[in-house]
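The values are calculated or read from the model by the stated rules, or taken from the named source; none is laboratory data. This is a predicted model, so every value here is computed, not measured. Glycine gets a Cβ as well: all are built from the backbone with ideal geometry, and neighbour counts include every protein chain shown. Quick note on the areas: whole protein, heavy atoms, side chains included, nothing else; ligands and nucleic acids left out. Shrake-Rupley method; radii C 1.70, N 1.55, O 1.52, S 1.80 Å.
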Amino acid sequence: MAYTIRVPSHGQTIAAEKKDILADKLQQAGVPLNLYCNKRGLCGKCFVEIVTGRRPDPGEREKFWLEQKDLSADHRLSCQYEVDGDLVVNVPVSSTHENVPILPSIPRSAVVPDPAVKKYYLELPKAEISSPDSLFERILTGLGAKSLKIPMETLKELGHTLKEAGQKVTVTVHRESQVLAIEPGNTLGQNFGLAVDVGTTTLVMELVDVESGRTLDMEAALNSQSRRGADVISRLTYALAEAKNAAELRELVLETLNQMARRLLLRNRISPASVYEVVVSGNTAMSHLLLGVPVETLARAPFHAVFSRLPGLNAREVGLSIHPHGVAYFAPNIKSFVGGDIASGLLAVRLADRSGHFLFLDLGTNGEIVLKAGEELIATSTAAGPAFEGA
Ligand code: FES
C-alpha cells in the first residue's frame with residue numbers, strides 16, 4: 001500500500017510503503033538529516049515532528065532524548081519510525097546539517113613557494129634538413145634537459161602541436177623529470193593547483209596560483225558522506241555493512257569535490273586543463289574512502305591503515321577533474337587514526353621547529369591532540385562527533 005509523506009519544511013512530497021523507515025525516505029528525497037549514529041537510534045539527532053499521522057509510543061531511548069531535548073510529545077526519531085499511513089512531518093533545522101558552520105576563512109602560514117610543476121616557454125628554431133634532431137629531442141634541448149618522461153598521447157600529438165603553434169610552445173614539467181603537457185603558445189602564468197581539506201563534516205578547497213603561492217579563491221561545502229553517518233566510526237561501519245557502500249561513499253565525496261572545483265574555476269575563468277596539482281589533506285578514514293581503498297583493516301583490530309605515505313598519484317585516476325596528467329598528493333597518515341589532517345596541521349604551524357612545550361588541538365568531527373614535550377611529539381585522536389565542528 002502506498003502512502004504519502006508531506007514535508008512542508010522542505011517542500012517535499014514523498015511516496016512510501018508500509019514499514020519504510022521514515023529517515024530513509026527523507027534521506028532519499030534529499031532532506032539533509034543528521035544521522036550521526038547511522039540510524040541506530042543512539043544519537044538522538046534525527047527527531048522530526050509528526051504533524052499529522054500515527055505517533056507510536058516512544059521507546060525508552062526516545063523518551064530519554066525527548067526529555068533531554070525538551071521536545072514536544074509529537075516528536076519521534078525518524079530512524080526508528082516505521083511508516084504505517086499518510087504523514088505530514090516537520091523536520092526542524094536542528095535535525096539537519098543545514099546549520100553546520102563552515103569556516104569563513106582559514107589562517108595561513110607563510111610558505112615560500114617552490115612549485116613541483118613548472119612551465120617553460122620555448123620558441124624552437126624552424127626544423128631544417130641539415131639538423132635532423134627528433135621533435136622531442138628539440139624540446140629537450142630547448143629545456144636544457146637530458147631526458148624527461150612524457151605521456152604517450154602528448155608524444156603522439158607533438159608533431160601536430162608544434163606545427164599548429166609555429167614551433168612556439170609551453171612545456172609543463174613535474175619535478176624536472178616528467179612532462180605533463182606541451183601546449184601551443186605562451187601559457188606561462190597559467191599554473192594552478194587545488195588544496196583540499198577533506199574533513200569528516202566539511203570540505204574546504206582553495207584555488208592556488210602555484211608559482212606565487214597566492215590563494216585566489218576558496219569554496220566550502222558539507223561532506224555529503226555525512227548522510228551515511230556523521231563521525232568516522234559511523235562512516236566506517238557504513239562502508240563495511242555492504243559491498244557497494246564504500247563505492248557510494250567515494251562517489252559522494254568525489255562528486256562534491258568536483259562540483260567545488262568546477263565552481264572555483266568557472267568563477268575565476270580558469271580551465272581545468274591549467275590545474276596540474278591537487279593536495280589532499282584528510283584523516284586516515286577519509287583518505288582511504290576517497291581513494292576507494294578498502295577500510296576493513298583500518299576499522300577492525302588491530303586497526304592498520306592500508307597506506308601511510310603515497311607517491312604522487314594521477315589525479316584523474318583518483319577521480320578529480322583537472323589536467324589529465326595532473327598529480328594528486330595525499331598528506332601522509334602518521335598512524336592508523338592519526339592522519340594526514342594532523343600532519344598538515346603540524347606542518348602549517350611548524351610545531352616541530354618550535355622550542356618549548358605545546359598542545360596542538362584539531363577540534364573537528366574527528367578530534368586530534370598533539371603534545372610537544374621537548375623534542376618529542378605525542379599524538380592521539382578520537383571520533384569527537386560534531387560538537388566542535390567549526391571551532
Ligand atoms: S538517533 Fe536517529 S540517526 Fe541517530
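Which residue, of Ala285, Ala273, is open to solvent by less than 10 Å² (accessible area, probe 1.4 Å) and of a type in the set (A, V, I, L, M, F, W, C)?
Just one listed residue meets the conditions, Ala285.
Out of the residues in segment 1-36 that are open to solvent by less than 10 Å² (accessible area, probe 1.4 Å) and within 27 Å of the chain's Cα centre (by Cα), state the one that is nearest to the ligand (Cβ to nearest atom).
That would be Leu35.
I'd like to verify a number: residues in segment 215-258 that are of a type outside the set (A, V, I, L, M, F, W, C), modelled with pLDDT under 90 and open to solvent by 50 Å² or more (accessible area, probe 1.4 Å), how many?
1
Val91 fails exactly one of the following numbered conditions: (1) modelled with pLDDT under 90; (2) within 13 Å of the ligand (Cβ to nearest atom); (3) within 26 Å of Thr200 (Cβ to Cβ). What is the number of that condition?
With (1) modelled with pLDDT under 90; (2) within 13 Å of the ligand (Cβ to nearest atom); (3) within 26 Å of Thr200 (Cβ to Cβ) applied to Val91, the lone miss is (1).
Here is a check on your reading of the model: is Ser355 out of contact with any strand residue (DSSP E or B) (no Cβ under 8 Å at 6 or more places or on another chain), in a loop (DSSP other than H, G, I, E, B) and touching a residue at least 60 places away in the same chain (Cβ under 8 Å)?
No, not satisfied.
Mind checking which residues of segment 293-312 are open to solvent by 50 Å² or more (accessible area, probe 1.4 Å) and not aromatic (Phe, Trp, Tyr)?
Scanning segment 293-312 gives Pro294, Glu296, Thr297, Arg300, Ala301, Pro302, His304, Val306, Ser308, Arg309, Leu310, Pro311.
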